[in-house]
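The values are calculated or read from the model by the stated rules, or taken from the named source; none is laboratory data. Since the model is a prediction, treat every value here as computed from it, not as a measurement. Every residue, glycine among them, receives a Cβ derived from its backbone with ideal geometry; neighbour counts consider all protein chains shown. Remember, those area values only see protein heavy atoms, side chains included, never the ligands or the DNA or RNA. Shrake-Rupley method; radii C 1.70, N 1.55, O 1.52, S 1.80 Å.
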Amino acid sequence: MAEFKSVLLVDDSATSRMIIQRCFEMAGIQVGGFICAENGLDALALLKCNSGIDLVVTDINMPKMDGRMFTRIVKGDPLYAKLALIVVSSIADGDAEAELRSLGAAAVVKKPVSPAKISEALGGLS
Amino acid sequence: MNEKKHSTVLDPEKASLILTETIPAVFAEMTFMDAMPVASSWGVAESEDPADTAAAVRMAIDMLMPLSCRLELSMSSELADNIADILYGGAEAESFTVGATPATIAADQNRADSTLELLNVLAGSFLSAYFGAGTPFKLELPFFLFGASEVSDPSIARVEFNVEGLPAIVTLRSIRYRY
């Protein structure tokens, strides 16, 4: 079963962050702690000061900095080359998924999220 | 990108059918609630303003791509409370009262956030089902509607649901931007 020291949840909706967190628990995924950000900009700041983060779960549609830009910046930075990042969004399918994967997202999960979807996405992490 | 070509207008009958199918699925997956469609209409003038019925909570999300339209969700306060109750747990989900304490403010935020997130997921599911995978989508952030002036644009499709005994109305509108 997957295990993470620290997971950064990036979503402007507190409800969505809570649901994703609950899905991790229900899927039996061990997480040392969750850190939350409401947009990509805040998430970048949190990444810089939390070196223990080993997984990022981000939404796309957010104010200030959306998930596409956030993913592009993070995965374009050699410092975070090994950091696993998955996208969870209501509009992530088809070409959007292909685009996000080309930016470096390891998996793309379509909302509504479920424990099974999270397990499947994390199962693909190398 | 293998971009698909789409008609410049939404087909009201197809939109109504897809709303009827996707909304119950999202309600079930997100809130574990049964949403039964009870009436749908398209291509006709609205017989009544949803705000006059049980719709005390009204919100909308604008879809900008592949077509410009707005999805509105109206529901009773009781249903909004129930959704927050299910998602956050009953202890935190108290109804808003004047002179709110921190606990009731948190409950009100939970209710607002959970209904807006529900609408966000509804819109994504509708777009996926209507246009199919492989279509680039662009959604704005969901927001609350206040006042009848916000509902002047024509309705494309409108579906009423019975969500475990409480009403919810989903309306798809064309939108005219006013700059």
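Of note:
- Potential lengthening between B:Q109 and B:E13 on full extension [0.36 nm per residue; Cα-Cα distance subtracted]: 31.0 nm
- Using a probe of 1.4 Å on the protein chains alone, the accessible area found for A:D42 is around 70 Å².
- 10 Å Cβ neighbours from other chains, averaged over peptide B:111-117: 5
- Non-local Lys pairs in the range A:1-106, i.e. 8 or more apart or on different chains, that have alpha carbons under 17 Å apart: 4
- In the context of the full set of protein chains, the range A:32-126 has a per residue accessible area of 43 Å² (1.4 Å probe).
- Peptides A:27-35, B:117-125 ranked from most to least packed by the mean count of surrounding Cβ atoms within 10 Å: B:117-125, A:27-35.
- Backbone amide hydrogens, once placed in the peptide plane, bring A:V31 within less than 5 Å of A:F4, excluding anything fewer than 5 places away on its chain.
- Using only the C-alpha atoms, the convex hull of chain A corresponds to 90 Å³ per residue.
- Ligands, DNA and RNA excluded, the heavy atoms of B:S76 present near 10 Å² of accessible surface to a 1.4 Å solvent probe.
- Under Karplus coefficients 6.51, -1.76 and 1.60, residue-wise ³J(HN,Hα) of the range A:28-34 in Hz, glycine/proline x: x, 8, 7, 10, x, x, 10
- Taken residue by residue and averaged, Cβ atoms of other chains lying within 10 Å of the Cβ of A:106-119 number 2.
- Label-to-label distance, A:S114 versus A:Q21, with points set 7 angstrom from Cα along the beta-carbon direction: 2.3 nm.
- Accessible surface buried at the B:A interface totals approximately 1900 Å², computed with a 1.4 Å probe on protein heavy atoms.
- When A:K110, B:K138 are compared by accessible area at a 1.4 angstrom probe, the order from most to least is B:K138, A:K110.
- Nonlocal amide H pairs with A:A105, under 5 Å, H built at 1.01 Å: none
- Of the residues A:L9, A:L125, the one with the largest accessible area comes first in the ranking A:L125, A:L9, computed with a 1.4 Å probe on protein heavy atoms.
- Note on surface exposure: A:K82, A:K117 rank A:K82, A:K117 by accessible area, highest first, 1.4 Å probe.
- Each of A:K82 and A:E3 was given a label point 7 Å from its Cα along the Cα-to-Cβ line. The distance between the two points is 1.7 nm.
- Cα-centred dipole magnitude for chain A, charges only on beta-carbon of K, R (+1) and D, E (-1), debye, nearest 20: 160 debye
- Nonlocal amide H pairs with A:D12, under 5 Å, H built at 1.01 Å: none
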